1. If we scan region 33-41, do we find a residue that is over 25 Å from T114 (Cβ atoms) and hydrophobic (A, V, I, L, M, F, W, C)?
2. Cβ-Cβ under 8 Å, sequence separation 6+ or interchain: first residue in region 110-127 and farther than 23 Å from Y154 by Cα and modelled with pLDDT of 95 or more, partner assigned to a strand (DSSP E or B) and small (G, A, S). Which pairs?
3. Quick one: count up the residues across region 28-44 that are assigned to a loop (DSSP other than H, G, I, E, B) and within 18 Å of the chain's Cα centre (by Cα).
4. For region 141-169, which positions are farther than 18 Å from A86 by Cβ, of a type in the set (S, T, N, Q) and at pLDDT below 80?
5. Could you go through region 89-105 and let me know if any residue there is in contact with a Ser or Thr (Cβ under 6 Å, 6 or more places away or on another chain), modelled with pLDDT of 85 or more and assigned to a strand (DSSP E or B).
Amino acid sequence: MGEIIPAVIDVHQFFIGGDGWEPTYMSFGLQGGSTHMGFVFTSGPVAIPKSAIIVSAIAKFPAQGNYSGADCNVALSFTASDNPAAPTSSASIQAAPITSEVLWTGVPAFSSGTRYNSPDLKDALQEIVNRSGWVSGNNIQLRGRDNNSGANGYRAAYNTSGLCVDIIYTEFGTYIHPRRSRMDMKGVSTQNGLA
C-alpha cells in the first residue's frame with residue numbers, strides 16, 4: 001500500500017449569490033441570516049488511473065476555531081471538468097458544471113485544531129475518473145455550498161496543512177492492494193505510514 005500526496009494548488013471561499021471572494025480563508029454554511037458561503041479547492045497532480053475504482057474519498061477539514069452555532073448543512077461535489085484550473089472569481093466557480101452532490105447534513109460543531117471528516121465522496125469522484133478526458137496527473141476540484149443551514153450555522157477551516165481528501169482506489173476493478181491518494185497542502189510524496 002502506498003500514499004501519494006499532491007499539493008493543494010488553490011483555496012477560495014465565495015459568497016453564493018453575491019460578489020464576495022476570499023483567497024486566504026475558508027468558511028461554509030450560513031453566516032448571519034443572509035450570507036451563504038461556499039468554498040472550492042483545487043489539487044493536483046492527482047495520480048489516479050482512468051476508470052480506477054474509487055473505494056472511498058473523505059474530505060478532512062482542520063477547524064480554524066470553535067464554531068457551535070445553528071445547524072450547518074453543506075452540499076459537496078467536484079467540478080465536472082477533466083483538468084480544472086483554479087477559479088478567478090465567485091461568478092466563475094458558481095457557473096461551473098458539477099458532479100452529483102453529496103449532502104453533509106448536521107456538520108458537527110468545530111473545535112479548534114481538530115480535523116472533521118466529510119461523508120464519503122466516492123461516487124462523485126468516480127464521475128470524474130470515468131470522464132473520457134480524465135488522465136492520471138490531472139487536477140481535481142472539490143467544492144461545497146450552503147444547503148439550508150440555520151442562521152449563523154457556519155464553520156471555518158484552515159486552508160493550510162491538514163486540509164485534504166483521502167482517496168483509496170483500486171485499478172482495473174480488481175480489489176488488490178489499494179492505493180491511497182491524499183490531496184493536502186503538504187505537496188510531498190511518502191510511502192507507507194498512512195495518516
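The values are calculated or read from the model by the stated rules, or taken from the named source; none is laboratory data. No experiment lies behind these values; they were computed from the predicted model shown. Positions of Cβ are backbone-derived with ideal geometry, glycine not excepted, and every protein chain shown enters the neighbour counts.
1. Our first condition is that a residue be over 25 Å from T114 (Cβ atoms); within region 33-41, this holds for 33-34.
Filter once more, keeping what is hydrophobic (A, V, I, L, M, F, W, C): none.
No, every residue in region 33-41 fails to be over 25 Å from T114 (Cβ atoms) and hydrophobic (A, V, I, L, M, F, W, C).
2. Listed pairs, sorted by first residue: A124/A57; A124/S77.
3. Initially, region 28-44 is screened for residues assigned to a loop (DSSP other than H, G, I, E, B), giving 32-34, 44.
With within 18 Å of the chain's Cα centre (by Cα) added as a condition, the list becomes 44.
Adding up the residues that qualify gives 1.
4. The one that is farther than 18 Å from A86 by Cβ, of a type in the set (S, T, N, Q) and at pLDDT below 80: S161.
5. First, the residues of region 89-105 that are in contact with a Ser or Thr (Cβ under 6 Å, 6 or more places away or on another chain): 96, 98-99, 101, 104.
Checking which are modelled with pLDDT of 85 or more leaves us with 96, 98-99, 101, 104.
Retained after the next criterion (residues that are assigned to a strand (DSSP E or B)): 98, 104.
The answer is yes, given that some residue of region 89-105 is in contact with a Ser or Thr (Cβ under 6 Å, 6 or more places away or on another chain), modelled with pLDDT of 85 or more and assigned to a strand (DSSP E or B).
Residue by residue, here is whether (1) surrounded by 22 or more Cβ atoms within 10 Å (Cβ to Cβ); (2) touching a residue at least 12 places away in the same chain (Cβ under 8 Å); (3) more than 19 Å from A7 (Cα to Cα) holds:
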| site | (1), (2), (3) |
| --- | --- |
| G38 | yes, yes, yes |
| I48 | yes, yes, no |
| A59 | yes, yes, no |
| G65 | no, yes, yes |
| D71 | no, yes, yes |
| S89 | no, yes, yes |
| I98 | no, yes, yes |
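A quick yes/no check of all residues on (1) closer than 17 Å to G38 by Cβ; (2) touching a strand residue (DSSP E or B) at 6+ places or on another chain (Cβ under 7 Å); (3) surrounded by fewer than 17 Cβ atoms within 10 Å (Cβ to Cβ):
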| site | (1), (2), (3) |
| --- | --- |
| A75 | yes, yes, no |
| V102 | yes, yes, no |
| D123 | no, no, yes |
| N130 | no, no, yes |
| N138 | no, no, no |
| N148 | yes, no, yes |
| A157 | yes, yes, no |
| T160 | no, no, yes |
| I168 | no, yes, no |
